[in-house]
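Data first, discussion second: the structure below is written as structure tokens.
Values in this text are rule-based calculations from the coordinates and carry no lab data. What you see is a predicted model, and the numbers here were worked out from it, not measured in a lab. Glycine gets a Cβ as well: all are built from the backbone with ideal geometry, and neighbour counts include every protein chain shown.
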Amino acid sequence: MRDVMIIGSGPAGLTAGLYAARANLKPVLIEGLESGGQLMLTTDVENYPGFPDGVLGPELMASMRKQAERFGTEFVIGDVTSVDLSGSPFTINTSDTRYQARTLIIATGASARLLGLPSERSLMGHGVSTCATCDGYFFRDKPIVVVGGGDTAMEEAIFLTKFASHVTVIHRRDKLRASQIMQDKALANAKISFEWNSALDEVTDSDTGVVTGVIIRDLVQDTTKRLDVEGVFIAIGHTPNTSLFTGRLELDANGYIVPQGGARTNIPGVFAAGDVQDHTYRQAITAAGSGCMAAIDAERFLEHLPAETAPVTTAESV
């Protein structure tokens, strides 16, 4: 039995672990087989407070993990296979251990949808990005492409015109899916052009480790051509990592956990932090802030539990 269990090891989960540990709640954090969250795919992070010269994404996550561990957060490597939130205490199962917890903090994040190209993955963080707000500054006076046709893609394209010399939007259809107001703004922007009925076939050049261009395919003519660009932004949406909680927690139409004030969810004692409940900001700093909120909410929840429910810090092998 544990006071606090945390699922997820990005900025939200690690910050929740830090705050819960400093509150002497002895949290257990299940960090997953791929720990660290989306910042592990980011090279330079220049907008996280306290690092005036910037910091590498993996370095930032390593520092946050070390800080949480210093104050007593216990880390478990492995993936959660199932949860039972039907009654308190909650049950969290990994492949080899069953935990019970009086409070649960869900910080499983959201995964950016990708095209599935090998070159896209190999150049991620080296000219390929899924976050204009995070990385747009690095493309000052450079030509770039944005892939997508929805509101997210138009927002990113418009934002990137503040930095890039030109933005080319690559879209699979002959008209945008974005809301009319976003379409009007993008179409009226002189720094944005469109490649209609087109798909991204390849990002070049994986051999050099930097983006030198893209190969796009005309889906009507079945022809290809190259665009010389220095940045590629994939803006086809995110998928919240909430499959474990479908039918157990209140989720919105896109699968994000619906917050009920603070970090609370519709189940008392279960809290959510970071991108798993945030489809608006999706920044490391906002994720960390919501991780702090979740830990404080969990601490206050525990304070109001009857005295006879004092924790016994053991885990049961299954």
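So the values come out like this:
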{"quantity": "For residue 75, distant residues with modelled amide H under 5 Å away", "calculated": "29"}
{"quantity": "GNM result for the chain, Cα springs below 10 Å: residue of 68, 190, 273 fluctuating most strongly", "calculated": "190"}
{"quantity": "Cα-centred dipole magnitude for the chain, charges only on beta-carbon of K, R (+1) and D, E (-1), debye, nearest 20", "calculated": "420"}
{"quantity": "Residues 121, 2, 102 arranged by fewest to most Cβ contacts within 10 Å", "calculated": "121, 102, 2"}
{"quantity": "Restricting segment 133-209 to chymotrypsin sites (Phe, Trp or Tyr not before Pro) in coil, as DSSP defines it, with at most 16 other Cβ within 10 Å", "calculated": "196"}
{"quantity": "Charge dipole (the chain, unit charges on Cβ, about Cα centre) - positive-most of 86, 27, 237", "calculated": "86"}
{"quantity": "Those lysines that a straight Cα-Cα span of less than 19 Å connects to residue 142, excepting residues fewer than 8 apart in one chain", "calculated": "162, 191"}
{"quantity": "Two-site label geometry, residue 96 and residue 212: point separation in nm, points 7 Å out along Cα→Cβ", "calculated": "4.7"}
{"quantity": "Cα→Cβ-extended label distance, 7 Å offset, between residue 137 and residue 193, nm", "calculated": "3.0"}
{"quantity": "Gyration tensor verdict on segment 114-234 (Cα atoms; rounded if a/c is under 1.5, prolate if a/b is larger than b/c, oblate otherwise)", "calculated": "oblate"}
{"quantity": "Sorted by Cβ density within 10 Å, fewest first, the residues 267, 257", "calculated": "267, 257"}
{"quantity": "Ascending count of other beta-carbon atoms within 10 Å, so fewest first, for 281, 99, 48, 256", "calculated": "281, 48, 256, 99"}
{"quantity": "Estimated [θ] at 222 nm from DSSP helical runs (n ≥ 4, -39500 (n - 2.57)) normalised by residues in the chain, nearest 500", "calculated": "-7000 deg cm²/dmol"}
{"quantity": "DSSP bridge orientation in segment 114-234 - percent antiparallel, rounded to nearest 5", "calculated": "40"}
{"quantity": "Long-range amide H partners of residue 194 with built H, under 5 Å", "calculated": "169"}
{"quantity": "Cα centre as origin, Lys/Arg/Asp/Glu Cβ charges: segment 114-234 dipole, Debye", "calculated": "300"}
{"quantity": "Potential extension, residue 53-residue 111 segment - 0.36 nm per residue separation minus Cα distance", "calculated": "18.1 nm"}
{"quantity": "Using θ = phi - 60° and Karplus 6.51 cos²θ - 1.76 cosθ + 1.60, couplings along segment 299-305 (whole Hz; Gly, Pro as x)", "calculated": "4, 5, 4, 5, 4, 9, 6"}
{"quantity": "Straight-distance crosslink candidates among aspartates and glutamates, where the alpha carbon sits under 12 Å from residue 225 and sequence neighbours closer than 8 are dropped", "calculated": "195, 201, 202"}
{"quantity": "Spatial separation of Cα centroids for segment 17-39 and segment 139-200, in angstrom", "calculated": "38"}
